[in-house]
Structures are given as structure tokens and as C-alpha cells.
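The block underneath contains the structure these notes are about, expressed in C-alpha cells.
The values are calculated or read from the model by the stated rules, or taken from the named source; none is laboratory data. Remember, it's a predicted structure, so these values are computed and weren't measured experimentally. A quick note on method: Cβ atoms are made from the backbone with ideal geometry, for glycine too, and the neighbour counts reach across all protein chains shown. Heavy atoms of the whole protein, side chains included, go into the accessibility calculation; ligands, DNA and RNA do not. Shrake-Rupley method; radii C 1.70, N 1.55, O 1.52, S 1.80 Å.
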Amino acid sequence: GEELFTWIDKQCLAKNTAALASGAEKWASLIERLRDCEVSHTDLQHRNVMVTDANEYVLVDYDGMCVPNLVGQTNLELGLEAYQPISRDSSSKLSLEMDNFAALFGYVAVRALFQDTSLWKRQVTATGNENILFKLKDFKEPDDSPLLKELEKFKDPDVSRMTKELTGLYNQPIDQIPPLR
């Protein structure tokens, strides 16, 4: 397969909104399967999700994974910074909630992109952003973020609501960030 970032780039350039809409649901299903299996990847981000030729999402890079027997151990890695709440640091303990922020991050991003593929060019390609839509600066300085301002007035009220929730959750302790569903 190819990295999720590359796949999204191709879909946005092709204005393939159907594939992106399906991608948002596949993301949500992937997150739900992890929760059902009591697994936290701990580094959910665009480089660790591959999209197969059949458009299925496959996780890679499990070196920080958490399962019930590892809960409470010190985490071995921090994950990609923009995809993590500010409370995640080198002293954070592994938990099954560690993916909650990144899960919402990915879902909101892909959901917004299938409704407006031009966001990709404006907010990722043109700015040199290496993440899926959101930048760390969006969370650290939300009042100065053109992306957040745009998404808070987005045509889909669910994207607007989830963007506000995501922004607020960035400053919360890991165990207080709710699951995607």
C-alpha cells in the first residue's frame, strides 16, 4: 500500500470525494476495531497507516503499542507531536486511551477534506504542512489559526463542532479525552 498522506494527496488532487468519504468511515472503523480489541497503537498518524490497493487501512509500526497488560508502563515513544495532546510527554503512562486525540484528529481532517478537497492545497501543499490538515501551531495558537477559523464556520456543522472539540481536547489530560465514537 501507500502511506495515508500520499493516498489523501492523490484523492484531493483528483477531487475524489467518494473515496475520501469512504476513507473517513474506514478511519472510524479502524479506530473502533482497535478499541474492541483493547489495543492502543499510541502513534496513530499518516505515516503509520497504509492504504492498500483495495482501499483498506492497515496499521504499521507497533513499537509503542499498548495492550491491557502494558497499561501503566512508561510509554516508549511520544508519537508525532501534532497528533498528540499537550499532556503526552516522556513521563506519560501507557493507556488504552492514548489514541483518542489522534483518532479524532484523523477523522475530522478526512471528513473536512471529502467535503472540500481544496483545503488540502491551501492548508497542506501550499504551507508545506507534513500532517493531514492540522498543524501543531493550530492547537498551540488556535486564535491565530486560519484553518481553525475556516473549519469553525464550515458548511458541515459536525465538522465545525468536532473541530472545536478537538481544539479544546488538545489541552486535556489523556485520560479525559473521549473516544472517537
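Counting only the backbone N, which residues of segment 83-101 are under 16 Å from the spot 7 Å out from the Cα of residue 171 toward its beta-carbon?
The answer is 85-88.
Projecting each Cα onto the charge dipole of segment 34-162 (Lys/Arg +1, Asp/Glu -1 at the beta carbon, about the Cα centre), which of 62, 101, 79 comes out farthest on the positive side?
101
Here is the link list: 10/140; 10/93; 93/140; 93/149. Which ones come out longer than 27 Å on Cα distance?
Result: 10/140; 10/93; 93/149 exceed 27 Å.
Around residue 53, what is the net charge, scoring Lys/Arg as +1 and Asp/Glu as -1 over all other residues with Cβ under 15 Å from its Cβ?
On the way: positive: 10, 26; negative: 2, 3, 56.
With Lys, Arg at +1 and Asp, Glu at -1, the net is -1.
Cβ under 9 Å from residue 63's Cβ, residue 63 left aside: what net charge do those residues give with Lys, Arg +1 and Asp, Glu -1? Mind showing how you got there, number by number?
Numbers: positive: none; negative: 43, 61, 77.
Counting the neighbours of residue 63, the net charge comes to -3.
Using the basic label-point model (7 angstrom from Cα toward the beta carbon), what is the residue 71 to residue 47 distance in nanometres?
3.0
So for the pair residue 143, residue 161, with labels modelled 7 Å out along Cα→Cβ, what separation do we get in nm?
2.7
Counting Lys and Arg as +1 and Asp and Glu as -1, what is the net charge of the other residues whose Cβ lies under 11 Å from the Cβ of residue 78?
That works out to -3.
I'd like to check one number: the per residue accessible area of segment 53-170, probe 1.4 Å, reported in Å² as a whole number.
I get 48 Å² per residue for segment 53-170.
Under the 0.36 nm per residue contour assumption, what length would be gained going from the current alpha-carbon distance of residue 153 and residue 121 to full extension? The partial results should precede the final answer.
Numbers: separation 32, 0.36 × 32 = 11.52 nm, distance 1.87 nm.
Additional length available on full extension: 9.7 nm.
Determine the calculated [θ] at 222 nm for the chain from helices alone, applying -39500 (n - 2.57) to every DSSP H run no shorter than 4 residues and normalising by the residue count; nearest 500 deg cm²/dmol.
-12000 deg cm²/dmol
Can you send over the solvent-accessible area of residue 62, 1.4 Å probe, protein chains only, in Å² to the nearest 10?
110
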